[in-house]
Amino acid sequence: MELFVERLLAGVTNGSIFALLALALVMVYRSTGTLNFAQGEFALFSAFFAWWLVGTGLPVWAAVIAGMVAGFVLCAAAERALIRPVQRKSELATLIVALGLFSGLNAAVALIWGTDTKVMPSIVPNGLEDYFELFGARVYGDTVITWVALAAVTILMTLLFTKTELGLHMRAVADNAESAALTGVNTSRILMLGWGLAGAIGALAGSLATPLAPEQLSVTTMFPIFIGACAAALLGGLDSLAGAVIGGLIIGVVEAMVTGYVPLVGGAMQQTTAMVLIVLILVVRPNGLFGSKELERV
Amino acid sequence: MSALEISGLSAGYGAADVVRDISISVPAGEVVVVLGANGAGKTTTMRAICGLIDRRGSIRVDGVEIGSKPADVVNAGVSLVPQGRGTLGTLTVLDNLRVGAALRRDRAAIEEDIERWTSVFPVLAERVDQRAGTLSGGEQQMLAVARALMARPRVLLCDEPSLGLAPRIVQHLFATLRDINSEDATSMLIVEQNAELAMDLASSVYLLEVGRVVRSGTPASFREDTELRRAYLGY
């Protein structure tokens, strides 16, 4: 029973990270209709930046916030300078540019900070004694902070989209950029903002994930997380906030259960599980659990 | 003074101009109709006025030259009801109306305008919380007009508002446009392929052929010309 609860909680924690990065994917998808393959590497760059700042003596929380700001600027700049010029031409070109960003950012991280593994400290007290018990399982600080972060980001994004004028304009641009422009909405600003916010959320995911990751912070840390986040976003329907969160938690728990209970190969099955789920979702339910179907009367 | 004065407007896509040296004047409080066959450049003219494509030439609103960004055009008091309606299908009817007021800061007056246009278009009042994509074509056209009016334009541009609508709905739409024109003195520039109804509202008519204005005059002068009448009014 304790073991089951421990695995469940570990799944929920990994799932929270997937969900955070999936929220970033949804943010980009809703603003420009593209799946940003470089989202995980943007997060990686921001997390390394935060790690570097911690090394200069900045408190961890301040470094994480600075990493989020860096993620915001980096992602917004990429949208304006690299994605937008090719987006008008073709969807495929956008995809290629995103893949280019993926390998470019990864290489940049290796070039600037090296390929050896770093230790990113946790934002909250995370010693051997800093835990509480839940149904007999130990829950540590770095676990709780991911849950809190996910809840906070989900609530803030929901409020942004449903209660603010900015959110209304973001939804309008996502729906039909030209119609939105005709009413005077500054679509250029909205697109950069959408990507920027995704970059900030991704940076948070990256900074919180690395204390949990088995190999800590290295150039390969974000890739498996990105695969999980992709599965989560697809399961949730790509344009649904609630979908990304629920999708992330489901993927996290399924992965943890497969890893924990499938004999012999289970431990090596983590990414495979996410990949198999991605294929299943695309075959069985391409719009995901909560995705909006194309709905139009003419 | 003209509410909207277009002079020497040229615009197109890429290297080639689709419309050349267009000059149209919309007198304050009046309705002007632009006739033309498919491909004559009607929609291109509208898109150029609104800053959706690059343009050359001069566009003045109440004598003041306006900027070339879509937001400048809206700020200057010009709103477009685009061809094919351009409703935001995933947003509710109410949100569509709110987006129409994107550049306004007078919250109380925005709410009043929402009240007003949903009472002018009762079909919208019944469906404020419904997603716009689920509306019928006629309802979406009403919404597109209401959304453009939410910006409180001095000049309303309508690009083929009757396209794909049943005759009864087209009549209702033009009756409503007539009311708005007489109540608010909103000037209108209406582009139409089948323009008999629009001509009833108009004080002057322009004919566009292959990207140029080839003729202009009063509706009566267009109706008297047998050839024009057959070609563009269909009787």
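Any read-out appearing in this document is the output of simple, stated calculations on the displayed coordinates, not a laboratory observation. Nothing here was measured: the structure is a model prediction, and the numbers come from that model. In this analysis, Cβ positions are derived from the backbone assuming ideal geometry, glycine residues included, and neighbour counts consider all displayed protein chains.
Table for the structure above
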item	result
Anisotropy class of the stretch A:101-165 from Cα gyration tensor, a/c 1.5 cut	oblate
Length-normalised contact order of the stretch A:2-284 in % [C-alpha pairs under 8 Å, at least 6 apart]	37
Least to most buried among A:TYR131, B:TYR13 (fewest other Cβ within 10 Å first)	B:TYR13, A:TYR131
Ranked packing of B:40-49, B:116-125, most packed first, by mean Cβ within 10 Å	B:40-49, B:116-125
Bridge type composition, the protein assembly as shown - antiparallel percent by DSSP, nearest 5	60
Computed FRET value (nearest 0.05) for A:ALA77 with B:THR92, which takes r as the C-beta separation and R₀ as 35 Å	0.55
Ellipticity estimate at 222 nm from DSSP helix runs (n ≥ 4, -39,500 (n - 2.57)) divided over the protein assembly as shown, nearest 500	-17500 deg cm²/dmol
Cα point-scatterer Debye curve for the protein assembly as shown, base-10 log of I(q)/I(0) at q = 0.07, 0.11, 0.12 Å⁻¹	-0.50, -0.94, -1.05
Residues A:GLN271 and A:VAL119, FRET efficiency given R0 of 22 Å [Cβ-Cβ distance, rounded to 0.05]	0.40
Residues in the stretch A:232-266 that a label on A:TRP147 would reach, taking backbone N under 19 Å of a point 7 Å out along Cα→Cβ	A:245-257
Neighbour-count ranking [beta-carbon atoms within 10 angstrom, fewest first] of A:GLU2, B:GLU227, A:GLU178	B:GLU227, A:GLU2, A:GLU178
Point-to-point label distance, A:LEU156-A:ILE96, nm (Cα→Cβ direction, 7 Å offset)	3.7
Vicinal HN-Hα couplings computed from phi for the stretch B:89-103 (Karplus, 6.51 cos²θ - 1.76 cosθ + 1.60; Hz; Gly/Pro x)	x, 8, 9, 6, 4, 4, 5, 4, 5, 5, 4, x, 9, 3, 9
Cα gyration tensor shape of the stretch B:1-69, rounded if a/c is under 1.5, else prolate or oblate by comparing a/b with b/c	oblate
Contact order normalised by residue count of chain B, Cα under 8 Å, 6+ apart, percent	28
Cα-Cα P(r), the stretch A:47-192, percent of pairs per 5 Å interval	2, 8, 11, 14, 15, 15, 14, 10, 7, 4, 2, 0
Residue exposure sequence - A:TRP61, A:TRP195, A:TRP113 - by fewest surrounding Cβ within 10 Å	A:TRP61, A:TRP113, A:TRP195
Approximate shape of chain A as ellipsoid semi-axes (Cα gyration tensor, √5λ), whole Å, largest first	30, 23, 18
Gyration tensor verdict on the stretch A:1-110 (Cα atoms; rounded if a/c is under 1.5, prolate if a/b is larger than b/c, oblate otherwise)	oblate
